[in-house]
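Beneath this line is the structure, given in structure tokens, with notes to follow.
Please treat every number below as a calculation from the coordinates, not as lab data. For clarity, every value in this text was computed on a predicted model and none was experimentally measured. Here the Cβ is made from the backbone with ideal geometry for all residues, glycine too, and neighbour counts use every protein chain on show.
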Amino acid sequence: MTPSGLHHDERGFVIGFFVKLAIFLVFLGLVVVEGGAGLWARFQVKDAADSAAVTAADTLKRSGSADAAMAAVEEFIDKRDQAIRLASFEIAQDGTVRLVLRKKANTILVQHISFLKGWQIATATGEASPPRI
């Protein structure tokens, strides 16, 4: 084989390597973005659930009304993030408020893959007792 023939074969190898590397980096970036969206939604909904529970417990203590506490939670959620939904709301006999919030993460691919859709929904529970003053 002539030296120019060897050089030609190496160019094909280098181009192939860079194409594979580019595909791998795009795939890795997509995995990071999709996973990050799910984790970010989980952090947001957990923080919102804890804060909403405290808001409800405080409202319940001040007003004595379960309806007012529920309305305070709904108002808090609307102001915080309109993508968050109230899944359940309970008030125990001692005034402890327990609620469950859900949020659908903004994803590119996960929403289209049926067995991964569970990763797209972030669920969190918040619980708070009325302030003791």
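When the range 84-95 is limited to residues that are exposed (fewer than 13 other Cβ atoms within 10 Å of the Cβ) and part of a loop (DSSP other than H, G, I, E, B), the one that is nearest to the chain's Cα centre (by Cα) turns out to be A92.
Table: residues versus (1) of a type in the set (D, E); (2) out of contact with any Lys or Arg (no Cβ under 9 Å at 6 or more places or on another chain).
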| site | (1), (2) |
| --- | --- |
| L39 | no, yes |
| A49 | no, yes |
| D67 | yes, yes |
| I77 | no, no |
| R85 | no, no |
| R98 | no, yes |
| A105 | no, no |
| S114 | no, yes |
| W119 | no, yes |
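For residues in the range 96-130 being among the basic types (K, R) and part of a strand (DSSP E or B), which is surrounded by the fewest Cβ atoms within 10 Å (Cβ to Cβ)? Walk me through how you get there before you give the answer.
First, the residues of the range 96-130 that are among the basic types (K, R): 98, 102-104, 117.
Filter once more, so that each one left must be part of a strand (DSSP E or B): 98, 102-104.
On the way: R98: 17, R102: 17, K103: 24, K104: 15.
The qualifying residue surrounded by the fewest Cβ atoms within 10 Å (Cβ to Cβ) is K104.
Name every residue in the range 24-40 that is touching a residue at least 24 places away in the same chain (Cβ under 8 Å) and either farther than 13 Å from L109 by Cβ or out of contact with any Leu (no Cβ under 8 Å at 6 or more places or on another chain) (or both), in order of residue number. Don't jump to the end; show me each part of the working.
Taking the range 24-40 first, the residues touching a residue at least 24 places away in the same chain (Cβ under 8 Å) are 30, 33-34, 37-38, 40.
Listed by number, the residues that qualify are V33, A37, G38, W40.
Please find, within the range 48-83, the residue that is surrounded by the fewest Cβ atoms within 10 Å (Cβ to Cβ) out of those that are without any contact (Cβ under 8 Å) to a residue 40 or more places away in the chain and charged (D, E, K, R). In this case the residue turns out to be K79.
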